1. Suppose the filter is among the hydrophobic types (A, V, I, L, M, F, W, C), surrounded by fewer than 17 Cβ atoms within 10 Å (Cβ to Cβ), under 27 Å from the mean Cα position of the chain (by Cα) and assigned to a helix (DSSP H, G or I); does A49 pass it?
2. What are the residues in the stretch 12-34 that are within 23 Å of the chain's Cα centre (by Cα) and of a type in the set (G, A, S), if any?
3. Out of the residues in the stretch 155-196 meeting the condition of being in a loop (DSSP other than H, G, I, E, B) and among the acidic types (D, E), tell me which one is surrounded by the most Cβ atoms within 10 Å (Cβ to Cβ).
4. Scan the stretch 4-20 and give yes if some residue there is surrounded by fewer than 18 Cβ atoms within 10 Å (Cβ to Cβ), touching a residue at least 60 places away in the same chain (Cβ under 8 Å), out of contact with any Ser or Thr (no Cβ under 8 Å at 6 or more places or on another chain) and more than 23 Å from I142 (Cα to Cα), otherwise no.
5. Quick check: is even one residue across the stretch 56-64 at pLDDT 95 or above, touching a Phe, Trp or Tyr at 6+ places or on another chain (Cβ under 7 Å) and not in a loop (DSSP other than H, G, I, E, B)?
6. Kindly indicate whether A101 is surrounded by fewer than 20 Cβ atoms within 10 Å (Cβ to Cβ) and either touching a residue at least 12 places away in the same chain (Cβ under 8 Å) or touching a Pro at 6+ places or on another chain (Cβ under 7 Å) (or both).
7. Quick one: how many residues across the stretch 154-209 are farther than 30 Å from V100 by Cα and either hydroxyl-bearing (S, T, Y) or without any contact (Cβ under 8 Å) to a residue 12 or more places away in the chain (or both)?
8. Which one of these is modelled with pLDDT of 95 or more and either among the charged types (D, E, K, R) or in contact with a Cys (Cβ under 7 Å, 6 or more places away or on another chain) (or both): R132, R98?
Amino acid sequence: MRRDIVLAARAHVAFDGWSEDTLKAALADTGVDEAQAKALFPRGAIDLAEAFHLEGDAVLAKALAAADLSEMRYSARVAHAVMLRLEIAAPDREAVRRGVAYFALPIHAATGTRCVWNTADTIWTGLGDTSRDANWYSKRAILGGVYSASVLYWLGDDSPDFSATRAFVDRRIANVMAFEKTKADIKKTKAYELFRRGPGRLLDAVKAPGQSRADDLPGRWHRN
């Protein structure tokens, strides 16, 4: 039912944005009463906008699971996944544009950040990321920044098949790879070894979220 309402809303977002009017129009199109809608979207329009974004991430997860990317370099796989997410959103480009403006409002920024984080997590999970320490967070934070910048570039891109966006994504991923190389070089230094033996030991306690945690916290601390 939630998916049906989100699909119906896509026809109205271009005119009314992510608003209560769009939600009411979608309910009228699907025949869902307001009581049911309140259970599905307790915060109203913002839950509708979030559900739209998460639907796209779910499609991305299935696409990555079915794709054979074994012949690609790792950086190319990440760039491919980012472009794939944009291609999934392409039919609803105006809805995405309205969503970017909507989530830019301070009152909605937390939900917008959560949506971007979910996309980054979907990509890394789909690519088989096995990190369970602080790298789990840094990978998703960095990719979230790349994805956010790519969306903004994509919204203004009129090149054939979004070729300019593809080149932009490749450049951003290349920057990330250069940063990772620098980080790897730093880890080989004596100064970093001293840091790891001192304050850096706190990082050993940072763990990725459990697979079935009982709350909605973004991670957990673990004591050996």
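1. No.
2. Answer for the stretch 12-34, where residues must be within 23 Å of the chain's Cα centre (by Cα) and of a type in the set (G, A, S): A14, G17, S19.
3. D157
4. Yes, some residue in the stretch 4-20 is surrounded by fewer than 18 Cβ atoms within 10 Å (Cβ to Cβ), touching a residue at least 60 places away in the same chain (Cβ under 8 Å), out of contact with any Ser or Thr (no Cβ under 8 Å at 6 or more places or on another chain) and more than 23 Å from I142 (Cα to Cα).
5. Checked against the condition, which is being at pLDDT 95 or above, touching a Phe, Trp or Tyr at 6+ places or on another chain (Cβ under 7 Å) and not in a loop (DSSP other than H, G, I, E, B), the stretch 56-64 yields no hits at all.
6. yes
7. Summing the residues that are farther than 30 Å from V100 by Cα and either hydroxyl-bearing (S, T, Y) or without any contact (Cβ under 8 Å) to a residue 12 or more places away in the chain (or both) in the stretch 154-209 gives 22.
8. Every option except R98 fails the conditions.
The values are calculated or read from the model by the stated rules, or taken from the named source; none is laboratory data. None of these values were measured; they are calculated from a predicted model. All Cβ positions, even for glycine, are placed from backbone atoms using ideal geometry, and neighbour counts span all protein chains on display.
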